[in-house]
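The values are calculated or read from the model by the stated rules, or taken from the named source; none is laboratory data. Remember, predicted model here, so these are calculated numbers, not experimental data. Backbone-built Cβ (ideal geometry, glycine too); neighbour counts: all protein chains shown. To get the accessible areas, we keep the full protein, side chains included, count just its heavy atoms, and leave off ligands, DNA and RNA. Shrake-Rupley method; radii C 1.70, N 1.55, O 1.52, S 1.80 Å.
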Amino acid sequence: MSNYRKGARELFEEVIDQGLCTGCGACVTACPYIVAYEGRIVVLDKCTIADGHCYQHCPRTHTDMNAVSEKIFGVPYDDGEVGHALDIHMVKSKDAEIKEKGQDGGTVTTLLALALEEEMIDVAVCTKMDEEKIARGYLARTRAELLECAGSSYEASFALEAYRSIPKENTEKVAIVGLGCQVEALGKIKSDPAKNRANPDNIKLTLGLFCGWALRPDIFHPYLKGLCDPSQAVKFDIPHTPHYTFDVYTKSDTKSVSLDDIRPYINLACQYCWDMTAEFSDISLGSAGSRFPGWNTVIVRTKTGSDLVKLAKAKGILETQALPGQRLAHLKTVALKRKKTAFKNITDKTGDKKDLLYVGGLSEGIADKLSEG
Amino acid sequence: MSRRRLRKEPFNLIISGVGGQGNVLLSAFVGAALLNEGFMVSVADTFGVSQRGGSVTSHIKISKKTLYSSVTLDGKADVILGMEPVETLRALGEFGNPHVVVIVNPRPIYPSGGATYPDLDKVKRAITKLSSKTKFVNATEEALKMGNPIYTNIILLGSLVGANVLPITKETMMPILKERFPGKLLEENIKAFGKGMELIAKA
Amino acid sequence: MASIAMNKPGATVLLMGNEAVARGAIEAGIGVAAAYPGSPSSEVLTTIAGVAKQMKIHAEWSVNEKVAMEVAGGASFAGIRSFCAMKQNGANVAADFLVNANMTGVGDAGMVVFISDDPGGMTSNNEEDSRTITKWLDNPLLEPSSAQEAKEMIKWAYEVSEAVNLVTFVRGVTRISYTKSNVMLGELPEKKEKKAFFPDLWDMYNPKKSKFTSGPFPIFHKPLHEKLEKAREIFERSTFNQYMGPEHPELLIITCGACTSYCTEAVDELKAGERVGILKLGTTWPLPEKLVAKHLSTTKTVLFVEEIDPFVERNVMELAASLLPATCDLTFYGKRSGHLAPYNEQSTNLVIDALVDILGTTYQARDLTYDEEAKKAIQIVPDRPINMCAGCPHRATFWAVKKALQLDGRKGFVCGDIGCYAMGFTAPGFFQSRTMHAMGSGAGVANGLGNLRQFGFDQPVIAMTGDSTFYHAVLPALVNGVYNNSSFILLILDNSATAMTGFQPHPGTGLLATGDPAKVVDMEAVCRAMGADVRVCDPFDLEDTTKALLSMIKKDGGTRVIIMRHMCQLVKARRKITNKYRMHVDKERCLGDTCGCDNLCTRILGCPGLMVDREISKAAIDEALCVGCGLCADICPSSAIIREEAI
Ligand SMILES: Cc1cc2nc3c(=O)[nH]c(=O)nc-3n(C[C@H](O)[C@H](O)[C@H](O)COP(=O)(O)OP(=O)(O)OC[C@H]3O[C@@H](n4cnc5c(N)ncnc54)[C@H](O)[C@@H]3O)c2cc1C
Ligand code: SF4
Ligand code: SF4
């Protein structure tokens, strides 16, 4: 990994100009020359340093999946459908206040609130939408602040910017909620910490969100404004099959548009994303599908994650249920399909079945496996 | 024509420093003093853009008989007054020779834009190696003690005159300072000048 | 310098070449002096202006060189000796007037123009040799070799100008203009009232007699050539042309101007006085052909030594060709042979090198071991790139521009111009400027770029100009932009002075060249009246300025103006205005070499007042250089630089 060091210039040449930037925010304020502005990464200065953490920590530059997996799980990378998993089931919050605000089961917010209460963490790096529903990273230190972050924005939020803003000398214990690209970036940060930023060993909990794609704020937000007054919106949702809509709940009504209308605003970088289930987390969460509204599917991946879920259950704030076999099979099918699509898009771009852009260190046979059907 | 002796014909003095350090004022003072002593002098300063933080050199050629071109020939400096250490070394590299006398203010001015400044002791050693007659004068330090770095050049002027390498004396210098500095400023500058003479005597 | 008007003929004073030129003009009894500042010529007018009232001279900073030339022309037409000074580029600006003034000739009183060229481009962005202009103008040209001679020549140039009725040029170079040396003063003119009167010479039946209106007719052109021949004859007898050396030199050096002393020194240094003769020409156009021919006949080898172009070299070779076959044995050395270069400044050492080669001798400047050691020792000497001063408002402006352009993200850029902010294409300006040409060209080029929309061009264009440049040459470009609806932003860096050349006042400052109060030509009002969208910012309000810039950039279309108003730090220093802050670095917070990968403040912002405390690898304030502008506090991402209100 460390022989693969480049700087801001290459970050631009190889990631941003190539349409690979996911908007995760890992590079933002990695140095003061990089900022997120109106949905774009902007390098304010021609940094000439050949050895930059901006490049190093970007999830779309070469990533040694094994090294990251070793760092986080202590085992080599599991290139199966949903990555390294200890347990998969369904959960939902029993906390009424959270349930009301949460996206699906409100589990993310519930687990974070518990971790705060138990002093397992001091601060949670979340994504918060402002009045205009522009999503940016946010540091939540109280239950109330956590509640302000509940609910999903489907726009890329550069949320890791907030993590980057934590000063070097800060020793607070941190939890992070992020998408696949974001937890991958965190894995890279942990594997090779920047000496000018807070110690990533302080990250005590990583919650990953399932993710199919994210929208580009620079083009989607103007569209949203055409749909409704963003300040009146209270929730965004993509109900699962058989629905094929993007729904905006406003204070007065619900606007439902076909997903086809939304597609043009999807960040094209997401077509190269390999990881639907945020594989490098302690716990990954998604919705449980339209047959189980108000539930989350949860993949517990580490002991930390498992202990936290157990504690929540013991405290009676979380309700669990087994994931029906058919539902699990569906999850795996979708996740595998995602890997295959990414594999195709990536290799179409590189023109080389061995060159998977950022996905490095996979087993020999993987290309054949993913090329099938 | 001057009654004073000139050790060489022509005699070459170089003042090297960084734009903004006030070398133009220094060379003007020295030039005026030499003129008053009856010498033929040409003084060439660096003007224009280089004055903005670049390296600047003033050449002063002194003669008893004729006006020379202003720029010192390579390897022909007789005295180098260095207002800044690497600039002194730069001047030595071009104009130095085994006989050159060097008076140098060892306070570095760092180049902008991240160019690395060499280790100060290394610079000092290189200077003394190229001129066995090197004297260090902590002019900036003294000026800061006086409350304003602006006095650095007048302290150095004091040292230059006090070093007895030029055919000018404190007495030649005084009327020139008087003409230039009004009132309270004069007092401070005379103090600075005196400080410079003191420092060189001890150096 | 008050002594410039000293009435002590015979007294010796130390004068800078430019001051000597000024004194020459004063001794010549000029009534009008006009100039536009430009190194290396600026001090000439400053000096005259300093004593203008006492000497009853009208001295002005004109808005540009063409106007300066016309101002002087007007005076001469009305019988007042007039004088003009400029740098090499200025002659181009004024050329359009001059190609007509050579036809009309001057008035009864002479007109002299001093142009200082800049070999090596020490204070310019070109190395133009202005002498060629006098050749195509068919006007007489003199070249002084020292400050003393410059003074004498200026005086004599008036006699030439009046004798042949042409504008007469004196060419200086940086080394002449900026070298201070002993100058013996001459007499000041008698104090008698000068009377200006414009003679009505118009004769509708005889245009030939009608002075001061040029026409396309050969009737004007023919007398010009007769005048030039007359000048040549005067030059043949001029004592400014001198020969030193043996009667039949093995090598004849033909030189002029500043190079004269390089040649004498080189010959001395090589002890070649018996072998080499030096013909120094003080009058270089038209060439004193008879004199030169005489000297050519005494030798077989000739070396030309002059600054920049092979001007004398070509002219003498042309003459030699016309003298064939008498000159067929001559070998010529100089720029053509490669012994000297047609660029960069000449020096005694370069002449020595050429002579060593031609004469087949050797030369050793210093002890060889020492030489080796010295060359080795300076390998550790770092480059010292020029920089904007500590506290310079341009640094803040460029920071805001950089940020706004990057945030906008359409690959916008700056069209630069001439002034301190010309540094915009280097590190101190964060490499923002992408074009730089003549005075006012930034706005002009931006005009062109701003009308390329139909070709898919949507990059934002920012033209930069200084306040003085604005009045000099940007006004027409701005009118053009508004009129032709060109899409660009004009950034006027209003720092209250022509800083680069030494703080001369300009029409926006409310001061005249003499220091007397003047009407302020309000640039803001001018721009508004032209119909441009105008904003005024203080670049030290970094955040607001950046926001204003960004919103102007996004406003695409039309010519927009932002005036960046903050006084030049050096002007503040001269006026004893101190900044508000005392700065210090909180060592705990500073990230040092891990900041932005490596010191954002010292490496990128690059203010001379910031340095790295090597022991702890953190930023520090250099107290000897910091002027307390507070800019760095705004850019430090760790809020490690603290400003305290100083009392
Ligand atoms: C862009 C995006 C795409 C998604 N796609 C799918 C999908 O295809 N399938 C699926 O099953 N689930 C998807 N999810 C996850 C789903 O929307 C819920 O976030 C998840 O089920 C957790 O629900 P919850 O009720 O526990 O969350 P809550 O308790 O409401 O907590 C939500 C958390 O999400 C974080 N968040 C909100 N917006 C963003 C954002 N833009 N980027 C990063 N973090 C954010 C907030 O910080 C908050 O802590 C997606 C989420 C996002 C943000
Ligand atoms: S993917 Fe993340 S780290 Fe990479 S360029 Fe985009 S925002 Fe920066
Ligand atoms: S910008 Fe701030 S943190 Fe970075 S080196 Fe300078 S003072 Fe330190």
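Some observations on this one:
- 0 to 90° range, to nearest 10: angle between helix C:311-322 axis and chain C longest Cα axis: 30 degrees
- As a rough guide to protection, the peptides C:168-180, C:580-592 ranked by mean Cβ packing within 10 Å, highest first, stand as C:168-180, C:580-592.
- For region C:136-172 versus region A:76-125, the spacing of their alpha-carbon centroids is 90 Å.
- Rg and Dmax, both from the Cα atoms of region C:154-198 and both in Å, are 14.6, 40.
- Loop-located trypsin sites (Lys or Arg not before Pro) across region C:17-126 with a Cβ neighbour count of 15 or fewer within 10 Å are C:K56, with loop assigned by DSSP.
- Shape category assigned to region B:56-179 from the gyration tensor of Cα positions, a/c cut at 1.5: oblate
- By definition, a body whose alpha carbon gyration tensor gives a ≥ b ≥ c is oblate when a/c is 1.5 or more and a/b is not larger than b/c, and region C:492-606 fits this oblate description.
- Accessible surface, 1.4 Å probe, highest first, among residues C:H339, A:H57: C:H339, A:H57
- Under 10 Å, Cβ to Cβ, from C:E306 - net charge with Lys/Arg +1 and Asp/Glu -1: -3
- The Kirkwood radius of region C:393-574, taken over pairs of alpha-carbon atoms, gives through the Stokes-Einstein law at 37 °C and 0.692 mPa s a diffusion coefficient of 205 µm² s⁻¹.
- Here's the list of lysines a cross-link from C:K554 could span, going by alpha-carbon distance under 27 Å and ignoring same-chain residues fewer than 8 apart: A:K46, A:K133, A:K225, C:K402, C:K403, C:K411.
- Entry note, the protein assembly as shown: the mean residue ellipticity at 222 nm calculated from DSSP H runs of n ≥ 4, each adding -39500 (n - 2.57), is -10500 deg cm²/dmol after division by the residues and rounding to the nearest 500.
- Distance between region C:1-64 and region B:138-203 - C-alpha centres, whole angstrom: 31 Å
- Positions from region C:586-620 whose accessible area shrinks by 20 Å² or more when the full protein complex is built, not the chain alone, probe 1.4 Å: C:L591, C:T594, C:G596, C:C597, C:L600, C:R603, C:I604, C:M611, C:R614
- The distance between label points at A:L259 and C:E233 comes to 10.1 nm (points 7 Å beyond Cα on the Cα→Cβ vector).
- Long-range lysine pairs (8 or more apart or interchain), region C:242-359, Cα under 20 Å: 7
- If you plug the beta carbon distance of C:Y483 and A:S165 into 1/(1 + (r/R0)^6) with R0 = 51 Å, you get a FRET efficiency near 0.60.
- Kirkwood hydrodynamic radius of region C:258-414, Cα pairs, Å: 19.9 Å
- Computed on region C:581-645, with alpha-carbon pairs under 8 angstrom and 6+ residues apart, the relative contact order is 47 percent.
- Shape call, region A:108-172: gyration tensor on alpha carbons, a/c limit 1.5: oblate
- Per residue, the protein assembly as shown exposes an accessible area of 40 Å² to a 1.4 Å probe, with every protein chain left in place.
- Restricting region C:608-647 to GluC sites (Glu not before Pro) in coil, as DSSP defines it, with at most 11 other Cβ within 10 Å: C:E615
- Largest accessible area first, the listed residues B:F39, A:F73 line up as A:F73, B:F39 when surface is computed with a 1.4 Å probe on the assembled protein chains.
- Equivalent ellipsoid semi-axes, chain C, via Cα gyration tensor eigenvalues times 5, rooted, Å: 46, 33, 24
- Taking a straight Cα-Cα cut-off under 26 Å and skipping sequence neighbours fewer than 8 places away in the same chain, the lysines within cross-link reach of A:K344 are A:K188, A:K332, A:K353, A:K354, A:K369.
- Compared with the direct C-alpha span, the chain from C:E644 to C:Y343 gains 103.3 nm at full extension, assuming 0.36 nm per residue.
- Buried accessible surface for the C/A pair, both sides summed and rounded to the nearest 100, is 1700 Å² with a 1.4 Å probe.
- Over chain A: Kirkwood hydrodynamic radius from C-alpha pairwise inverse distances, Å: 20.8 Å
- In this simple spin-label approximation, C:K375 and A:E132 carry label points 7 Å from Cα along the Cα→Cβ vector, and these lie 6.4 nm apart.
- All-pairs Cα distance distribution in region C:24-132, expressed in whole percent, bin size 5 Å: 2, 14, 24, 24, 19, 11, 5, 1
- Restraint check, B:K8/B:K133; C:K87/C:K151; B:K195/C:K572, Cα-Cα greater than 22 Å: B:K195/C:K572
- Applying 1/(1 + (r/R0)^6) with R0 = 51 Å to the Cβ-Cβ distance of A:Q321 and A:D229 gives a FRET efficiency near 0.85.
- Here the contact order of chain C, divided by its residue count and restricted to Cα pairs under 8 Å and six or more residues apart, works out to 10 percent.
- Between B:T66 and A:E70, the simple spin-label model (points 7 angstrom out along Cα→Cβ) gives 7.9 nm.
- Buried accessible surface for the B/C pair, both sides summed and rounded to the nearest 100, is 4800 Å² with a 1.4 Å probe.
- Entry note: the protein assembly as shown has Rg to Rh equal to 1.08, where both radii use alpha-carbon atoms and Rh is the Kirkwood radius.
- Kirkwood-Stokes translational diffusion coefficient of region A:62-112, alpha-carbon pairs, 20 °C, 1.002 mPa s, µm²/s: 161 µm²/s
- Across peptide A:193-200, the average count of Cβ atoms from other chains found within 10 Å of a residue's Cβ is 2.
- For region B:35-77, trypsin sites (Lys or Arg not before Pro) are listed when DSSP marks them as loop and at most 13 other Cβ atoms sit within 10 Å of their Cβ; the list is B:K65.
- Residues of region A:134-177 buried by at least 20 Å² on assembly (accessible area, 1.4 Å probe, chain alone as reference): A:K168, A:E169
- When you count the other C-beta atoms within 10 angstrom of each residue and take the mean per peptide, C:109-118, A:217-226, B:154-163, A:88-97 line up highest first as C:109-118, B:154-163, A:88-97, A:217-226.
- Whole-percent carbon and sulfur share, accessible surface of region C:242-359, 1.4 Å: 50 percent
- Three principal axis extents of region C:447-536 based on alpha-carbon atoms, in descending order, are 51, 26, 20 Å.
- Chain C: angle of helix C:17-27 to the longest principal axis, Cα-based, in degrees nearest 10: 60 degrees
- Most to least accessible of B:K202, C:K191, A:K188 (protein chains only, probe 1.4 Å): C:K191, B:K202, A:K188
- Cβ-Cβ distance of B:K145 and C:K8, R₀ of 51 Å, FRET efficiency by 1/(1 + (r/R0)^6): the value works out to about 0.75.
- Anchor C:K195: lysines whose Cα lies under 16 Å away (excluding residues fewer than 8 positions away in-chain): C:K56
- Along its principal axes, region C:2-233 has C-alpha extents of 54, 42, 36 angstrom, given from the largest down.
- With every protein chain in place, region C:393-574: carbon and sulfur % of accessible area (1.4 Å): 57 percent
- Note on region A:113-175: antiparallel DSSP beta bridges, both residues inside, total approximately 75 percent of the bridges counted.
- Computed over region C:581-645, the quotient of the alpha carbon radius of gyration and 2.2 N^0.38 Å is 0.96.
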